[in-house]
1. Give the percent of DSSP beta bridges with both residues in the range 105-237 that are antiparallel, rounded to the nearest 5.
2. Mind sorting out which of (i) 17.2, 57; (ii) 24.9, 78; (iii) 19.8, 74 is the real Rg and Dmax of the Cα atoms in Å computed from the coordinates?
3. In what order do T193, T62 fall by count of nearby beta-carbon atoms within 10 Å, going from fewest to most?
4. Relative contact order (percent) for the chain, with alpha-carbon contacts under 8 angstrom and 6 or more residues of separation?
5. Cα centroid distance between the range 210-249 and the range 27-81, in Å?
6. If only Cα atoms are counted, what is the Rg of the range 3-121, and what is its Dmax, in Å?
7. Taking amide H positions as placed 1.01 Å from N in the peptide plane, with prolines and chain starts having none, which residues 5 or more places from T74, or on another chain, fall under 5 Å of its amide H?
8. Could you list M41, M123 in order of exposure, starting from the residue whose Cβ has the fewest other Cβ atoms within 10 Å?
Amino acid sequence: MVEEYLDKVKEQFNNFFSLKEKRENILQVIAPLYHADGDMMDIFLTELPVKNLVRISDYGLTLMRLSYSFDVDTPNKEKILNKILAENSVQNENGNLFIDVKPEYIYNGLMQFAQAVSKITNMRLYKREIIHSLFFEMLDEFIMDKLQKYNPQKKFYPIPEHEEYEVDYCFNSRKRPIYLFGVNNSSNARLATISCQKFIAEKLSFSSLIILEDLEIIGKKDQARLMSAADKQFPSLDDFQKHAEEYIEREGQLN
């Protein structure tokens, strides 16, 4: 590595920066980059002379640390992890997280990498916030990928002249269609309740299906009204993903 760049990095860290050789061309970063519990982050620098780049990596230690308190064991959690990596331009190669930068951007790369490491090791603390922002995206991806054989229709209007009563997805390849509503807050819960009540009043033949992001974020009165109006609820997207086909097949047999 060019010495002048490392001298600049040391200056940017107010002289609290050094490198410890772990193996040939693998240098451990000693800098004020810490986990929430006070442990220093495991970050390493490696020269990539062919590309004239420096690789900032963790050699798999970040995900290992995360595994002690939080398992990335569902598609939703994997999506959250990948979102964090993408937002920070960090690559994942068989568990080894890394980012390649030009030598003059080592400091910026270290700060960017440390931010990603911090978010990943604290996934369990703000998982709900990220899932909230991804809920409808993940619901759509699952339906359009895994339930395509049931011919889902997105943004369906059972009463064409009343577009205010919109169904998120309709499984319409049956006499008694399934109207699916995604619900991630009390406002959506009320809209789903009103829509179901309207369809019942219009004497439409249908089964109403509610997919909740999290039951706890919906007020108790909204929960009660929704349970009264809807035929079936899944308490989480994970639960729906596990049992969706079983439910749709069973409903099809009842028609």
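1. 45 percent
2. Answer label, from the structure shown: (ii).
3. Going from least to most buried by this count: T193, T62.
4. 11 percent
5. Using only Cα atoms to place each centre, the spacing works out to 37 Å.
6. Cα only, the range 3-121: 14.3, 45 Å (Rg, Dmax).
7. Result for T74 returns nothing.
8. Fewest to most other Cβ atoms nearby, the residues stand as M123, M41.
We did not get these values from a lab; they are worked out from the coordinates using the rules stated. Only a predicted model underlies this, so the values are computations on that prediction, with no experimental measurement involved. We place every Cβ from the backbone using ideal geometry, glycine too, and count neighbours over all the protein chains shown.
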